Amino acid sequence: MKYIPYAKQWILDDDVDIVADSLRSDYLTQGSKVLEFENKTARYCGTKYAVAMSSGTAALHAAAFVAGIKHGDEVITSPITFVASANCVLYCGGKPVFADIEEDTINIDPNEITKKITTKTKAIIPVHFAGHPCDLEEIHDIAKKHNLIIIEDACHALGAEYNDSKIGACKYSDMTVLSFHAVKHITTGEGGMILTNNENYYKRLLMFRTHGITRDPNKIINSDEGDWYYEMQFLGFNYRITDFQCALGISQLKKLGQFIERRREIVKKYNEEFDGLEDIILPVEKQDVKSSWHLYYIRVKRDRKAIFKKLREEGIGVNVHYIPVYYQPYYKNLGYKDHLCPKAEDYYDRTITLPLYPKMTDNAVDKVIEIMRKVVA
Ligand SMILES: *Cc1c(COP(=O)(O)O)cnc(C)c1O
């Protein structure tokens, strides 16, 4: 059997047909598919507004911008995440502050958030690691007390549930960010989205996506000079997504339920089969939440590097999620020191991500189990 990757998209023939139709239509960008994808995703998640962007990173940048993050502001996030969760703060001139994680869920620990709050703190970016929702109620209480904005990084968590609502409903937050990168739950190639119930954020996000430009006659600052007239009112970017990408997104969204079911099936099987292996710690799913299982990470008690190497040699495309963000040379140069978040560092030293994706066959799952038994036992 060939190499089994840690993650992989699942594009079916009907996805291809829908993209082909879109390519033959009048609009390649800024057509009807963008709004349709936004509306359908918002409806799925139970939120009012959605703005699709060219990537999850662009969506995070946009969310941080409309949240008003500026030079001198501090934003608290998790060190165990993709660099984009913290980089979006730097893009706006703010300072990412890392709060340590919970040992069981690997999510940011609300108690650690509280410890990191200063007079400069403006926002919190909780990351639903591996698709397991953070303790949003608790984070919401902290934010309310200190008047902070919450931007959920839900790039792992489309389809996850917390207290009977979908992640993305923004019941406990101001905005939620999704990614449609190829390894995520559904894909548009590259792509991302911001969900919000706040109309003001929504309007500014639309402008930020296209250079800070508006054509709305009710919003222009100078006098309307004619039908050609538009105004750039703040410095935005070109973060637009194409129509054919959104056509793919619409088609993929229909399959999200099945995709997540298959992920859960594989996780259940892994959990049952690995239960007897003493030298590893399995991922958890707490009561009252439904993880969307973006990643299946284990923690080994020793020899991570050797085990990782052997698994790769046996054709298992294991990976590591994540290197603590502040270990990155760029962050070190900004003055971030080691030992900032001991639990995150301990987690990083032990973790290995095993293959998990809906297209994964039973044979591939069995092979991972067989090789794991051989390598870890
Ligand atoms: C994938 C991901 C992002 C960035 O999304 P892109 O679409 O790749 O730009 C941000 N945060 C997390 C946690 C992610 O996994």
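The single condition among (1) buried (at least 19 other Cβ atoms within 10 Å of the Cβ); (2) out of contact with any Leu (no Cβ under 6 Å at 6 or more places or on another chain) that residue 342 does not meet is (1).
Scanning region 161-212 for residues that are at positive phi and not polar (S, T, N, Q), we see that the one that is surrounded by the fewest Cβ atoms within 10 Å (Cβ to Cβ) is 164. In the set 318, 325, only one residue is crowded, with 17+ Cβ neighbours inside 10 Å and touching a strand residue (DSSP E or B) at 6+ places or on another chain (Cβ under 6 Å); that residue is 318.
Selection over region 97-128 of residues that are under 18 Å from residue 173 (Cα atoms), within 13 Å of the ligand (Cβ to nearest atom) and not in a strand (DSSP E or B) gives a count of 3. Selection of region 129-147 for residues being assigned to a loop (DSSP other than H, G, I, E, B) and touching a residue at least 40 places away in the same chain (Cβ under 8 Å) yields 132, 133.
Taken together, the residues in region 48-64 that are surrounded by fewer than 24 Cβ atoms within 10 Å (Cβ to Cβ) and either more than 9 Å from the ligand (Cβ to nearest atom) or acidic (Asp, Glu) (or both) amount to 2.
Here's a check for you: in region 147-198, which residue that is more than 18 Å from residue 81 (Cβ to Cβ) and of a type in the set (Lys, Arg) is farthest from the ligand (Cβ to nearest atom)? Per the criteria, the residue is 171.
Taking the residues in region 332-377 that are in a helix (DSSP H, G or I) and touching a helix residue (DSSP H, G or I) at 6+ places or on another chain (Cβ under 6 Å) as candidates, determine which candidate is nearest to residue 280 (Cα to Cα). Checked region 332-377; the qualifying residue nearest to residue 280 (Cα to Cα) is 350. Quick check on region 65-77: of everything there that is of a type outside the set (Phe, Trp, Tyr) and in contact with a Phe, Trp or Tyr (Cβ under 7 Å, 6 or more places away or on another chain), which residue is surrounded by the fewest Cβ atoms within 10 Å (Cβ to Cβ)? In this case the residue turns out to be 77.
No value in this document is a laboratory result; all are computed from the given coordinates. Just so you know, these numbers come straight off a predicted model, no measurement behind them. Virtual Cβ from ideal backbone geometry, glycine too; neighbours counted across all protein chains shown.
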